[in-house]
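So that we are looking at the same thing, I have put the structure below in structure tokens.
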Amino acid sequence: MSRRTLSAGARLAAEAVDAAAMTAELQSLVRVPSPTGHEDDLAAMLADRLESAGLAVELFHPDPADIRADPDWPGEEVPRQTLTVVMGRAGRTGGRRLVLSGHTDVVPAGDLGTWTADPWGGEVRDGQLYGRGANDMKGGVAAILGAVRALAATGQLANLAGELVVALVPSEEDGGQGTLAAIRAGATGDMAIIPEPSMLDIVIAHAGAITFRLAVPGRAAHASKRREGVSALDNLGRLIRALEADEAWRNGEETDPLMTALGLPYPTIIGTVRGGEWASTVMDLVVAEGRYGVRLGQTPEDAFADLQYAIAAACEADDFLREHPARVELTGARFGSSRVAADSELPVALARTAKLVTGRKPALLGVPYGADMRLFIGVGETPCVMFGPGDVRLAHGADERVPLDEVEACARVLAAFVVEQLGIVE
């Protein structure tokens, strides 16, 4: 039977979290722009912060070409010359190992005119901190730092009976190359937590997604004789309707309650469309790019096979496309799906600690997006969940923000969980 109270050391660590210092830390992180492909300045800052907190820190600079050659390479959206991974360690090797991981990259700020705050300013308003990446996921990274500092302040960081590994990685937003590099450098263990925004619930399952490019042919003709041409744009419309039907079928086939609760766990969208060279010419080619969901239990390759089948079937049903089929290719990021069992050690223990620290029992959830969690589970053979501050619905948008009380609560839970799981040498 599990204990109904925290150990004295875990309670001490949770109470030692300095909320004001953590807010200032989060502001400093937000004020360093780190869009995907440009994370090195933030990585250097984080290495210094971890070292000052008492961790033994290494900066890894794997060659991106080597990572691309890895059989588990998760794709990429942004060309890059560097891939800097920050790794901090504390405690003793040979026993239990716990990994806390967060990503350093953020998406671009977008149209600044849609923001009411400076996306790189770290403004605090009504208990929330605004800025690009505040929610996804610099708030979670600040919580990791806050937990580590609390462990150090109470003298427990240097006396952990097991090993704590902190892995701060680039390139999550475009696939997860940073986490793959961290795993290859030894960021594996008995369990891992990624404080992605979950409103302090525990994510035990996530879908995935692939990006694709669709080249849709037509036949050019003068606008005055348009009936003698075949519009590639009209053909794209036919294929979009086929993808809508495929989306409905794939989501309707899902039976796992974690995913059916989401309503649309596996969405398909067309995100970009390019075509046409002259206003009075019938389009002979349209190129569209989009996102296709990876169902729970699928690999990205499985999902791509589903996509290829849907497009091929739609082409076969059309007189022109039967003879001139559209071409579909897998591009960019390849987020697989993953899950851990609801009754397994990690979510059960984390939920218990969170309830004892915050007074609230977290829900166990599934989510419709891809994450680095699947790399820890599938490649690193490390059970992993997501538990962090903020609402993912505010990620990637204007006025992205994170509640500071959730950042503090997350740090307190993480600090207590480290002590509970790794123990202290007396």
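The values are calculated or read from the model by the stated rules, or taken from the named source; none is laboratory data. Keep in mind that what you see is a predicted model, and the values were worked out from it rather than measured. Heads up, the Cβs are rebuilt from the backbone with ideal geometry, glycines too, and the neighbour counts pull from every protein chain shown.
When you check residue 234 against the structure, is it in contact with a Gly (Cβ under 9 Å, 6 or more places away or on another chain), surrounded by fewer than 24 Cβ atoms within 10 Å (Cβ to Cβ), over 30 Å from residue 352 (Cβ atoms) and modelled with pLDDT under 95, yes or no? Can you show your working first?
Numbers: in contact with a Gly (Cβ under 9 Å, 6 or more places away or on another chain): yes; surrounded by fewer than 24 Cβ atoms within 10 Å (Cβ to Cβ): yes; over 30 Å from residue 352 (Cβ atoms): yes; modelled with pLDDT under 95: no.
So residue 234 does not fit the description; no.
Checking the structure you have, find out if any residue of segment 367-378 is touching a residue at least 40 places away in the same chain (Cβ under 8 Å) and over 16 Å from the mean Cα position of the chain (by Cα).
The answer is no; no qualifying residue exists.
When you go through (1) surrounded by fewer than 16 Cβ atoms within 10 Å (Cβ to Cβ); (2) closer than 19 Å to residue 49 by Cβ; (3) not acidic (Asp, Glu) one by one for residue 110, which number turns out not to apply?
The number of the failed condition is (2).
Go through segment 131-161 and give me each residue that's outside any helix (DSSP H, G or I) and surrounded by fewer than 22 Cβ atoms within 10 Å (Cβ to Cβ). Don't jump to the end; show me each part of the working.
Keep residues of segment 131-161 that are outside any helix (DSSP H, G or I), which gives 131-133, 154-156, 160-161.
Selection gives 154, 155, 161.
Where residues in segment 297-306 are among the hydrophobic types (A, V, I, L, M, F, W, C) and surrounded by fewer than 21 Cβ atoms within 10 Å (Cβ to Cβ), which of them is nearest to residue 72 (Cα to Cα)?
304
When the residues of segment 4-22 are filtered to those that are surrounded by fewer than 18 Cβ atoms within 10 Å (Cβ to Cβ) and either in contact with an Asp or Glu (Cβ under 9 Å, 6 or more places away or on another chain) or acidic (Asp, Glu) (or both), which remaining residue is farthest from residue 422 (Cα to Cα)?
19
Related question: Would you be able to say whether some residue in segment 148-157 is under 20 Å from residue 107 (Cα atoms) and touching a helix residue (DSSP H, G or I) at 6+ places or on another chain (Cβ under 7 Å)? Spell out how you get there, then give the answer.
Of the residues in segment 148-157, the ones under 20 Å from residue 107 (Cα atoms) are none.
Taking every residue of segment 148-157 in turn, none turns out to be under 20 Å from residue 107 (Cα atoms) and touching a helix residue (DSSP H, G or I) at 6+ places or on another chain (Cβ under 7 Å).
Within segment 281-330, restricting attention to residues that are of a type in the set (Phe, Trp, Tyr) and in a helix (DSSP H, G or I), which residue is farthest from residue 206 (Cα to Cα)?
320
Within segment 113-126, is even one residue among the hydrophobic types (A, V, I, L, M, F, W, C), touching a residue at least 12 places away in the same chain (Cβ under 8 Å) and in a helix (DSSP H, G or I)?
If we filter segment 113-126 for residues that are among the hydrophobic types (A, V, I, L, M, F, W, C), which is where we start, we get 115, 117, 120, 124.
Retained after the next criterion (residues that are touching a residue at least 12 places away in the same chain (Cβ under 8 Å)): 115, 117, 120, 124.
Applying the additional criterion that residues be in a helix (DSSP H, G or I) yields none.
Checked segment 113-126: no residue is among the hydrophobic types (A, V, I, L, M, F, W, C), touching a residue at least 12 places away in the same chain (Cβ under 8 Å) and in a helix (DSSP H, G or I).
Let me ask another. Among the residues of segment 384-426, write down those that are within 14 Å of residue 130 (Cα to Cα) and either in contact with a His (Cβ under 6 Å, 6 or more places away or on another chain) or small (Gly, Ala, Ser) (or both).
Within segment 384-426, 390, 395, 397, 398 qualify.
Residues in segment 281-294: is at least one under 25 Å from the mean Cα position of the chain (by Cα), farther than 22 Å from residue 78 by Cα, touching a residue at least 40 places away in the same chain (Cβ under 8 Å) and not assigned by TED's automatic domain parsing to the domain that holds residue 412?
No, the conditions are met nowhere in segment 281-294.
Something else now. Do any residues in segment 151-171 that are under 18 Å from residue 60 (Cα atoms) have Cβ atoms under 7 Å from those of residues that are acidic (Asp, Glu) and outside any helix (DSSP H, G or I), where the two are at least six apart or on different chains, and which pairs are they?
170/39; 170/105; 171/76; 171/105
Given the options 416, 398, name the one that is surrounded by 22 or more Cβ atoms within 10 Å (Cβ to Cβ) and either in contact (Cβ under 8 Å) with a residue 12 or more places away in the chain or more than 19 Å from residue 194 (Cα to Cα) (or both).
On inspection, the qualifying residue turns out to be 416.
A further question follows. Kindly indicate whether residue 80 is closer than 21 Å to residue 384 by Cβ and surrounded by fewer than 24 Cβ atoms within 10 Å (Cβ to Cβ).
no
Go through segment 1-90 and tell me which helices (runs of 4 or more DSSP H), entirely inside it, have 1 or more residues that are among the basic types (Lys, Arg) and under 25 Å from residue 106 (Cα atoms).
Numbers: elements: 8-15, 19-30, 40-53, 64-68.
The helices (runs of 4 or more DSSP H) meeting that bar are 40-53, 64-68.
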